[in-house]
Structures are given as C-alpha cells and as structure tokens.
Amino acid sequence: MIWQCKPTLLAMSVMLLCGCASNLNSAQRVQAPTNVPQQWQQKASSSVLKVQEQWLTQLQNPTLDKFVQKALQNNQQLLQTSYDVEIKKQQLIVSGAALWPSLDLSTRTNRSKNNRPVSYNNASSVGLNLTYEVDLWGKLSDSKRQANLTYLAQQARFEQAKQQLVADVVTSWFDVVTAQQLLDLFKRREANAQQNLDIIESGYRQGINEALDVYLARNELNNERSRIATQTASLSASARVLERLLGEYPKGVITTSSDLPVINTDISLGLPSELITRKPTLRASWYELLATDASLAYAHKQRFPSLNLTASLSDSTNRVSDLFSPSSLAWSLLGSISAPIFEGGRLKANEEIARFNTQKQEQLYLQTLYDAFGDVENAISQQQSLSAQYTSTLKAQENALAAEQLSFEQYQSGLVTYTTVLDAQGRSFDAQSSLIDIKNQLITNRINLHIALGGDFAKPSSELKSNNDEN
C-alpha cells in the first residue's frame, strides 16, 4: 500500500512544483530597427536594383579565378574557420543528446581465494542502468536552441570569411599589378633620364650646356635608380602577401603582365533594410543575440526543480552462464525531484551574468548593424570621389606628358633652364603614378563595396536555416 502511494505523491509534487515556474517574458526581438533609412544617403540610378551577385565574373580574369579557387582550398585561416563550424556542429549534437535518455551497461567478473579453508569463489554481475531527466520547464530545449543558434552564427561567419578572403585575394592581385606597373614606369623614367643625361653631357662637351645641368641630370638619374630599388622590394612584398593568402610559402615570385581595368558600370545598391538579412556578418550577430536569449532562459530555469527518472536491471551469480536468469534478475524504478535551496547566490548570479551578456550582445548587434551601414555609405562616397579624381588625373597626365616633352625641346633651344625641365618631368611622373594608384583604389573600393553590400562572389547567398527551423 505504501509503494502504491509513492507514484501518486510524486505526481502531486510535480504538479505543485509546476506552479513555481514562470516563463520569461523576453522582449520581442526585431531584426531591423525602426530607424533604418529607406534609401542610401548617396542616391544613385541603380540604388533600388537588387544587389549584384557573382561580381568576380565581371573582372574576366582566368588567372585571378584560379588564384581564388586555390585560396578557398588552401588558405589556413579559412580552414580554421571551417573547423570551427564542424566543432559547433558536434556541440549541437552533444547539447541535443541531453533530451534523450542515457543507457549504460556495466559488467564485472571476480575470482577470489580463501586460505582457511582453501576455497575459490567466483562472482559475476551485470547491470543495465537507464537515466532520464524530464524537460519540465524547457531548460534542456533552451540549451539545445542556444547551441543551434551558435552553430548558425558560426556558419554565417564562415560564409563572411570566404567572401572576405576572395576580396583580399583580388585586391592583393591588383596590388601586385599596381606595383609592377609602377616599377615599369620607374624603369621608363630611368631610361628617359639616361637619355637626357647623354644629351646634356654631349652639349656640355660642345660648350652648349653648363656643368650645373650635368649635375642635375646625373642626380635625376640616380633618383630614378633609387626608386627602382625601392619599388622592386615593394613588388616582392605585395607578391608575398598574395602567396600567403593562397596558402603558399611567401617566396615573392608572383609576376603579372596584366593591366588595371577601369570598370565604369554602376553597382546596384539595393535597399538598406535588405542588407540586414543578406550580409553574413549581420546574420551571425543576430544569431548570437538570439543565442544569448536562450542562454538567459537556461540560466533562469536552472533555479527550478528538476525531475529525474532512473531504472536499473541487474543480476549477480557465481557463473557467467547463469546471468540474466529470470529467477535471479533484480530491477528498480526510481523517480526523484531535486530543487536548489541554498547555493550562496550562485544561481542568481549566473542568471544576472546571462542577463548582462544579453544586454551587451544587444548593443554589439546594433554596433555591427550601424557599422555595416556606415561601410556602405563610405564606400559609395569614396567611389564617387575616386571617379572624379580619375577623370581629373587622366587629363592632368595628358597635359603633364605634353608639358614634359615641350619643356625639354625648349631647353634644347635655349628658351628655358634645365630646372624647368626637371619640374615638368616631376609633374609628369606624379600624374602618371597617381593615375595608377587611383585605378587601383577604384578597384579596391569597388570590391569593398560589393563586400559591404553582402554580394556573393560566386553564387546568390541563401538564408541559413537551423535543423529545427529555429531563428
């Protein structure tokens, strides 16, 4: 009669304890704040069009495509991030296992000897134990949900890492191209300086030119040779950066004969609100915020009672062959409720820590969101500024080249001094080198704008979904 009352008392206890639980009324999360603008500040004709995907194909560079594929396969940092995804996946499995019962099997065999009188004893035992924690308040479900959201966040970070790696490879490639073009420019300048020196020295021997002009021409030649030495080292450094992105030893031997393209087509900007769900970094930050909510719920429910069910089946005998004999099997079934009474404030403090982490993650999400908007706005403004600079510098280069040629002709005619020639040559050099740098900046900024907008380099990015369709 007493044994029959125990399940009834247990059920009544559970019903009473259920009244002690209170569901957390967490604020409804809104992924897009109310102050998100409807349009970008720097409006463009293509601002309302969908953001372009597969931006890498616009460059139409087979060598660059091969480098990108090599980097995606061999880059050590990207591989580390991929392993982080697998780790989070296994942690999700571990967290979900808590929702299932655990079944353990244990066996033991023993042989002993007694000396008085001499005898031998054999003992064998086997036990089958099952334990299960009933998820009364959804605590274990919150733990799994946290692990699931953390896994989704890591997936999004991996997607962002791939996009950033491709952008770094492309920009590094064009840095090598830029360094090579500057080196070629310096070599042409050296050849021109050598030619000028030969002409001036010949005129000096004929008594036409002054010694000062010879010294100035020699100084200009040495300056050009110094620039070549510096630029050669810069070219090797740029090549080593690209080689490390490709996962290779930095030998600094990558060379190129490509030119810097000038892409004049507009970039489709899309709407600011679309950026929130399209850019992987923002999705990762959003999932992390939801994960802290689940962590807070788990910490709160740790203060509630827990219900554990255990069942065991065991047998012991002198012979192994007699194990699991129906006549000797023993079994037990137990249900227990445990509730924290005094923990020295540990559980409450853990809940407060989780609450502060949630509030901190809220601000981090907003910071990440507004930083992403700022990156797009800055890239749009920079694109417009660089385009205007390119147009002006291109005209300046044409004028500087013409002035350089005319000044030397006038010097040979005795109309101007050689310092005028040097000044014209300096302006021509500045215009040519500036044009190369601006073309590289245009490419870099365009790629950064694609990344800031969340445009995928290869295929349209898809929304990541959890295994349980959780957000």
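Here is a yes/no grid of residues against (1) part of a loop (DSSP other than H, G, I, E, B); (2) out of contact with any helix residue (DSSP H, G or I) (no Cβ under 9 Å at 6 or more places or on another chain):
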position	(1), (2)
183	no, no
213	no, no
230	no, no
233	no, yes
255	yes, no
258	yes, no
269	yes, no
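Among what's in segment 135-155 and is part of a helix (DSSP H, G or I) and touching a Leu at 6+ places or on another chain (Cβ under 6 Å), pick the residue that is nearest to residue 442 (Cα to Cα).
The initial filter retains those residues of segment 135-155 that are part of a helix (DSSP H, G or I), namely 139-155.
Still in the running and touching a Leu at 6+ places or on another chain (Cβ under 6 Å): 140, 147-149, 151-152, 155.
On the way: 140: 52, 147: 42, 148: 40, 149: 38, 151: 36, 152: 34, 155: 31 Å.
The selected residue is 155.
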If we keep just the residues of segment 48-91 that are among the β-branched types (Val, Ile, Thr) and part of a helix (DSSP H, G or I), which is surrounded by the most Cβ atoms within 10 Å (Cβ to Cβ)? 68
Is segment 427-435 home to any residue that is within 30 Å of residue 268 (Cβ to Cβ) and among the basic types (Lys, Arg)? no
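Out of all the residues in segment 92-131, which are over 52 Å from the mean Cα position of the chain (by Cα) and surrounded by 13 or more Cβ atoms within 10 Å (Cβ to Cβ)?
Step one: filter segment 92-131 for residues over 52 Å from the mean Cα position of the chain (by Cα), giving 109-125.
123, 124, 125, listed by residue number.
Considering only residues that are under 15 Å from residue 199 (Cβ atoms) and without any contact (Cβ under 8 Å) to a residue 12 or more places away in the chain, look in segment 386-413 and name the one that is surrounded by the most Cβ atoms within 10 Å (Cβ to Cβ). Give the steps one after another, and end with the answer.
Going through segment 386-413, the residues under 15 Å from residue 199 (Cβ atoms) turn out to be 404-405, 407-413.
So of that shortlist, the ones also without any contact (Cβ under 8 Å) to a residue 12 or more places away in the chain come out as 405, 409-411, 413.
Numbers: 405: 13, 409: 12, 410: 15, 411: 23, 413: 8.
Restricting to residues being under 15 Å from residue 199 (Cβ atoms) and without any contact (Cβ under 8 Å) to a residue 12 or more places away in the chain, the top hit is 411.
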Subset of segment 196-207 (residues that are surrounded by 13 or more Cβ atoms within 10 Å (Cβ to Cβ) and of a type outside the set (A, V, I, L, M, F, W, C)): 196, 201, 203, 204
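Can you pull out every residue in segment 275-309 that is outside any helix (DSSP H, G or I) and more than 23 Å from residue 131 (Cβ to Cβ)? Walk me through it before giving the result.
First pass over segment 275-309, keeping only residues outside any helix (DSSP H, G or I): 279, 302-309.
Once the filter is applied, which keeps residues that are outside any helix (DSSP H, G or I) and more than 23 Å from residue 131 (Cβ to Cβ), segment 275-309 yields only 279.
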Which numbered condition trips up residue 247, out of (1) in a helix (DSSP H, G or I); (2) in contact (Cβ under 8 Å) with a residue 40 or more places away in the chain? (1)
Residue among 221, 242, 197 that alone is in contact (Cβ under 8 Å) with a residue 40 or more places away in the chain, among the aliphatic types (A, V, I, L, M), in a helix (DSSP H, G or I) and assigned by TED's automatic domain parsing to the domain that holds residue 420: 242
Residue 251 vs. criteria among the charged types (D, E, K, R) and crowded, with 22+ Cβ neighbours inside 10 Å: no
With respect to residue 207, determine if the residue is assigned to a helix (DSSP H, G or I) and at pLDDT below 90. no
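Quick check, is residue 182 in the same structural domain as residue 75 (by TED's automatic domain parsing), over 21 Å from the mean Cα position of the chain (by Cα) and either more than 30 Å from residue 91 (Cα to Cα) or of a type outside the set (D, E, K, R) (or both)? Show your work before the answer.
Values: in the same structural domain as residue 75 (by TED's automatic domain parsing): yes; over 21 Å from the mean Cα position of the chain (by Cα): yes; either more than 30 Å from residue 91 (Cα to Cα) or of a type outside the set (D, E, K, R) (or both): yes.
Yes: the conditions hold for residue 182.
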Could you give me the residue pairs with C-beta distances under 9 Å whose first residue belongs to segment 83-108 and is over 30 Å from residue 125 (Cβ atoms), whose second residue is charged (D, E, K, R) and outside any helix (DSSP H, G or I) wherever it lies, and which are 6+ apart or on separate chains? 99/133; 99/135
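The values are calculated or read from the model by the stated rules, or taken from the named source; none is laboratory data. This one's a predicted model, so the numbers in the text were calculated from it and none came from an experiment. All Cβ positions, glycine included, derive from the backbone under ideal geometry; neighbour counts span all protein chains shown.
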